[in-house]
1. Taking a quarter of the surface of the Cα convex hull of the range B:28-99, what do you get in nm²?
2. What is the log10 of I(q)/I(0) for chain A, computed with the Debye formula using one identical point scatterer on each Cα and no solvent, at q = 0.08, 0.13, 0.14, 0.15 Å⁻¹?
3. Post the alpha-carbon centroid distance, the range A:272-343 to the range A:167-208, in whole angstrom.
4. Under a GNM of chain A (C-alpha, springs under 10 Å), which listed residue has the highest mean-square fluctuation: A:333, A:84, A:176?
5. Would you mind computing the Rg to Rh ratio of the range B:366-511 from its alpha-carbon coordinates, Kirkwood style for Rh?
6. Using only Cα atoms and rounding to the nearest 10 degrees, what angle (0 to 90) does helix A:116-125 make with the longest principal axis of chain A?
7. Where Rh denotes the Kirkwood radius from the mean inverse Cα pair distance, what is Rg over Rh for the range B:176-242?
8. What FRET efficiency do you get for residue B:423 and residue A:113 if R0 is 41 Å and r is their Cβ-Cβ distance, rounded to the nearest 0.05?
Ligand SMILES: Cc1ncc(C[n+]2csc(CCOP(=O)(O)OP(=O)(O)O)c2C)c(N)n1
Ligand code: SF4
Ligand SMILES: [Mg+2]
């Protein structure tokens, strides 16, 4: 088990068998009935036992928002912090405590509006954090204002005539911020989410997992095209490392390179199977991952890739911090307080 | 040629030049030699916010003042006995501080028509008689340096740059300072540039022998060592002292030290100093902004580190919300605010004490935070340890209010014996602390220590203590989310009572009232200690009794403060703000203290304070 998750090699293992039930806290869950957050919670609780970690060495840190109530419901260590700052707080914890498995829970507003700065810096540093971004394309907790992922023109309480802001694509943003692991999954697809969480947990460094989450009160049905039996297969592009990128009913669609070097969605029949490109999540160059992230239509959700866009190796920031410190100690020996206080230029008064 | 040697008790020197002239380094070197001779000393660097302001302008003048004496001193002095002015701008910016009869060394080479015009001199002050009140030594510092270095393998520009060493040599001779320290300093600094090293050494020697031979200086001075308590000394500046205090505190607590910080003048040197000390396991995190700096520190505190964030006023403003979170989470955290002139960007390189009310009240909700302030550069060390003690024992963020004056100023420091430093006990929670009605044990994260009201510090990785906390109001004891009105009222009062109770562990305020019958008390806090002390000394020498007391603890105040205030007919409170401590004292004790204030970006001059004290006595 240890070897499956090299990123968790320093985290103590549980010495008793634990199940999903052990991860349920005694706090009553208070999301609106039908909220997508419920399924994410139960998916995470069902997945965690697989890691085999001591429960007391798992920490959930969140910001503010409906989604950020998540830690209260997990029977682990947890902190519900302040709006947007969870990645910063988690960074301090990760740097000082390599023996913890640290998960950040955040919303689209929490991580992309007020906390945008901390998100991009956590990603570029590659701190050993697993960030689950619950994207419902709306501000839930403050009762339904548009968010940075809301589609332009969105009518909300704060934009009765339609929003004018152009939206963020969280996957594109993360890739631009030098993220080493970027994935997208759906609240309602336990199997898919579990597989994505598994890969995220194994990744050393920051893993950003965007989870499309339905807010049935303020933005109901935002992801319906990806969920309805009718449309689901037609719009959802499931990315699997090493496999040809094909989707649609009967796998009739695929992604190919155009002559000018871009990529586009085509009918496989029209170009032939050989012209369909394969997904390479391990490619050093983020070009393909970025291009894939741009294929989806933010309004109709056509051509929406889900799965792991990018998963590359780069030493985590917290590991580098520890290595630098131990390297200095090895070279110079541990510090001696008295000689530090004395400094190099002293004199005696007798 | 041997000259007459005159003994002095106390000397104040100011080196002033262009930002590029190396005045800070010259001052530092002179300070080092002076410290080595056993004088007591105090320094005041004063430099522009711009890295290289336009050459030759008033805005680009960088100065370094140093007082040294054969007795105990607490300030860098009001007025210099000797001013070294490397160019017309330096002369113009500093001449008004120079008392009649003082020595003035000017670098005549820089007094060109163009340079004079740049700063608005219509005639050359060296020649027009306007410097008559002073003892002027017109020295062609630049050309004499170039001349002395003509046989050396350096360019004219490099030779000119060595003029600060020439000046240092001259001043070192004039005040009978040593040369060894400077020689070994230069050897180290220019170890990889042998030509530059040779030139600087030669410039220093040339300045020295110029002093010996020139007729412009008829006497040489000496200042005997001060009778300081015996022991090992070093010279220390406030920011490094504070950093050492943090390292010592972490060691005394047996905790790793974590700093989350974003660079800002005048606090950055604490970050730099700590970053040099990985040998002590110190983790320094240069964050993307000050919110992330304090956020990371909160995360580290949650994990059981001694967590610190360092900044100045504008950074505190950004950190406010997170500090409120730390108040609510009740986690140990040290917030260092090296105050500078405000509001907004204000005067980045100048000093002020105007963040006291920000530290006290700059958060939403009832959000009490202990505040303590060091009173001198070396005191930053001890104040940092005390801040750590309070933070850890009471599980609370603590404000440590330094300022630009003590952060950059220096003084000799009797190096403490590391073995005698106080221990700090983190006292981590290790197991359940509450028994349910059915007899099972559980952990309550907000069950308080009955004496200190501190909650348990239960860090991740401790089996059986899994719990959730956050910024939402918590149920008293059990710690779960609670919106109950009475519970909130209880929690607000408990948090306040916890901070108020810290007063039980801090010493009473000590009043220095030598005759015991003074009518007037001068009460200060923070970096005004030196100037106030000097002003009280001077006043007493005129036969007038005056008492002095200095607050290290601004929140909570020492228990006896109310009694002290009421036992004097008049209380004067000098502050480098518009009366912030005064406001707190009036509000808390209903006493009519008198505010003396000045916000010029510079420490009080003792003479200003003497005048204020004298005026106050006359109105009694
Ligand atoms: C400093 C601060 N500003 C504003 C708020 C109000 N606020 C709380 S949650 C939120 C937006 C939440 O949106 P999102 O992150 O998408 O979370 P969701 O509720 O949709 O899960 C806002 C604006 C706050 N709590 N703190
Ligand atoms: S408002 Fe929306 S996001 Fe928030 S709990 Fe209700 S359904 Fe979920
Ligand atoms: Mg949202």
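Read-outs: derived from the displayed coordinates by stated rules, not from any lab. Since we're looking at a predicted model, the values are computed, not measured. All Cβ positions, glycine included, derive from the backbone under ideal geometry; neighbour counts span all protein chains shown.
1. Numbers: hull surface 21.3 nm².
Average projection, Cα convex hull of the range B:28-99: 5.3 nm².
2. -0.42, -1.00, -1.14, -1.29
3. The range A:272-343 and the range A:167-208 have Cα centres spaced 12 Å from each other.
4. In this elastic network of chain A, the residue with the biggest mean-square fluctuation among A:333, A:84, A:176 is A:333.
5. On the way: Rg = 18.8 Å, Rh = 17.8 Å.
Computed over Cα atoms, the ratio is 1.06.
6. On a 0 to 90 degree scale, this one is about 70.
7. Values: Rg = 16.5 Å, Rh = 15.2 Å.
For the range B:176-242, the value is 1.08.
8. On the way: r = 45 Å, r/R0 = 1.11.
For R0 = 41 Å, the calculated efficiency reads 0.35.
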